[in-house]
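*Asks:* Provided herewith is a single structure, encoded as structure tokens, for subsequent inquiry.
The values are calculated or read from the model by the stated rules, or taken from the named source; none is laboratory data. Here the structure is a predicted model, which is why all the values come from computation and not from measurement. Glycine also receives a Cβ, built like all others from the backbone with ideal geometry; neighbour counts cover every protein chain displayed. To get the accessible areas, we keep the full protein, side chains included, count just its heavy atoms, and leave off ligands, DNA and RNA. Shrake-Rupley method; radii C 1.70, N 1.55, O 1.52, S 1.80 Å.
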Amino acid sequence: MPSDLRRRSLLSQPVTGFASIAFGYPQRHFWESPNPCYPAQPEKEECITKNLDIYTLQTLYSQPLEPVDFLVDGLLAPGLYILGGSPKVGKSWLALQLCLAVCTGSTFLGRSTKKSEVLYLALEDGPQRLHNRALHLIDTAPAGLYLCGQAMPIGQGLEQQLETALNVYPNIRLVIIDTLQKVRNIAGGSMSYS
């Protein structure tokens, strides 16, 4: 799959404060139309001046359906996901379990996974904590789990860092950023731990 089809600018979209984000990379940009029956959304001014794009259900039925390429069967398809919750309830543990399950192709929350490489930006955990947590979950370190403990903020280099990583490691299908708070560029003050 060409790397330019894997890139997205979702990180530049406004996001409310959540503790963790995890996202897989789709086959196409999120703004591109996945099906000719569903055109990409035009600018607002164009919506007002253009005719409605009307089609029939028969037209939809005549179009082939692309199968959803789940990383976690029925749960995690390509796209952006935000995992939020109260502090210290286990979001980072869940993220690490997801990483390990996808890297090994083992089940996650009772669902099958598609074995793939993963990039885990563990921005609040150092190597020793990650090592200790992983030892509680799995005996052998799986191939294809790439770890990083630092990243630039959104809009200040994170997008380029991710693009570079995905070009260097083209088999990565899942990127987890733990936590969103560590890469959000909040002007004018600090936010409490979330």
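*Asks:* What pairs can you find where one residue is in region 74-86 and assigned to a loop (DSSP other than H, G, I, E, B), the other is aromatic (Phe, Trp, Tyr) and open to solvent by less than 40 Å² (accessible area, probe 1.4 Å), and their Cβ atoms are less than 8 Å apart, with a gap of 6+ or different chains?
*Replies:* Matching pairs, first to second residue: LEU75/PHE108; PRO78/TYR25.
*Asks:* If you scan region 158-181, which residues turn out to be in contact with a strand residue (DSSP E or B) (Cβ under 8 Å, 6 or more places away or on another chain) and open to solvent by less than 40 Å² (accessible area, probe 1.4 Å)?
*Replies:* LEU162, ALA165, LEU166, ILE172, ARG173, LEU174, VAL175, ILE176, ILE177, ASP178, THR179, LEU180
*Asks:* Looking at (1) open to solvent by 90 Å² or more (accessible area, probe 1.4 Å); (2) modelled with pLDDT under 90, can you tell me which one LEU57 breaks?
*Replies:* All conditions are met except number (2).
*Asks:* Name, by its number, the condition in (1) in contact with a Gly (Cβ under 7 Å, 6 or more places away or on another chain); (2) surrounded by 18 or more Cβ atoms within 10 Å (Cβ to Cβ) that does not hold for GLY79.
*Replies:* (2)
*Asks:* Where the second residue is among the β-branched types (Val, Ile, Thr) and in a strand (DSSP E or B) and the first is open to solvent by 40 Å² or more (accessible area, probe 1.4 Å) and lies in region 115-138, which pairs have Cβ atoms under 7 Å and are six or more apart or on separate chains?
*Replies:* These pairs meet every condition: GLU117/ILE172.
*Asks:* Quick one: count up the residues across region 130-164 that are within 19 Å of ARG184 (Cα to Cα) and either part of a helix (DSSP H, G or I) or among the hydroxyl-bearing types (Ser, Thr, Tyr) (or both).
*Replies:* 6
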